Amino acid sequence: MQKLELLLPPPVIALITAVLMWLCAHYLSSLTIDWLLKGGVGYALRLILGVACFVGSGIIGLASLRQFARARTTTNPKSPAQASVLVQNAFYAHSRNPMYLAVLLLLLCWGLYLANAAALLVIVGFVWFITQFQIKPEERFLEKKFGQKYLDYKKNVRRWL
């Protein structure tokens with residue numbers, strides 16, 4: 001299992017997840033959530049939540065990338081050891097992984113568009129995979145590099161939200 005750590009860049013994992021979600025929606029169409037597709041409250045809720053997830057994803061993702069750029073530290077998820085600064089402000093004061101949170105919101109938006117229970121369930125797999133094979137290895141590197149400062153940050157800020 002350790003061979004999977006930091007193997008694939010998170011955008012590739014997100015793309016694989018999105019394709020799996022589409023495949024679920026296509027081949028398991030019996031799990032379509034009909035009340036989200038038809039007019040009325042369900043459709044309006046789907047539209048509002050979808051737009052909110054899409055916009056929220058963009059705001060969180062771009063602002064988080066901007067924070068890394070301002071701090072002049074790496075955004076390369078395959079090389080967490082290259083981190084030069086521990087970013088703890090803006091969205092990083094509320095989530096240790098706002099960039100991954102932004103991707104999660106984008107996948108949720110896609111899942112709402114597909115309106116399929118199996119497709120939405122695939123998102124749980126994305127969270128598990130990213131946590132196990134991307135976030136936890138990154139955390140080990142950051143603990144080694146920043147020591148107590150990172151441990152204090154971990155104690156005060158949740159991994160996702």
- Message: Bins of 10 Å, beginning at zero and ending with the bin holding the largest distance: percent of Cα pairs per bin for the stretch 1-83, please.
- Response: 14, 27, 31, 19, 8, 0
- Note on the structure: Here the membrane-span-like helices of the chain, with no claim about any membrane, defined by DSSP H, Cα axial extent at least 18 Å and mean Kyte-Doolittle at least -1.0, are 10-27, 41-71, 98-114, 117-130
- Note to self: C-alpha centroids of the stretch 98-161 and the stretch 1-79 sit apart, in Å, by 11
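About its Cα centre, how strong a charge dipole does the chain have in debye, to the nearest 20, once Lys and Arg get +1 and Asp and Glu get -1 at the Cβ?
Dipole about the Cα centre, nearest 20: 560 debye.
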- Task: Restricting attention to the chain, give the cysteines that have no other cysteine Cβ less than 4.7 angstrom from their Cβ.
- Result: C24
- Under Stokes-Einstein, the stretch 66-161 at 25 °C and 0.890 mPa s, with its Kirkwood radius over C-alpha pairs, diffuses with a coefficient in µm²/s of 170
- Message: What's the ranking of 19-26, 103-110 by average number of surrounding C-beta atoms within 10 Å, highest first?
- Response: 103-110, 19-26
- Query: Which one of A90, Q148, W128 has its Cα pushed farthest toward the positive end of the charge dipole of the chain, where Lys and Arg give +1 and Asp and Glu give -1 at the Cβ?
  - Reply: Q148
- Taking the Cα-to-Cβ direction at K149 and at Q82 and moving 7 Å from each Cα, how far apart do the two end points lie in nm? 2.0
- Task: Go ahead and run the numbers for FRET between V157 and W22, Cβ-Cβ distance against an R0 of 41 Å, rounding to 0.05.
- Result: 0.75
- Item | Built amide H within the under 5 Å cut-off of W160, gap 5+ | R96
- Taking the stretch 10-156, the lysine pairs whose C-alpha atoms sit under 21 Å apart (8 or more places apart or on different chains) add up to 13
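Where a number appears in this text, it was derived from the coordinates with a stated rule and is not lab data. Keep in mind the model is a prediction, meaning the values are calculated, not measured. Positions of Cβ are generated from backbone atoms using ideal geometry, with glycine treated the same way; all protein chains shown enter the neighbour counts.
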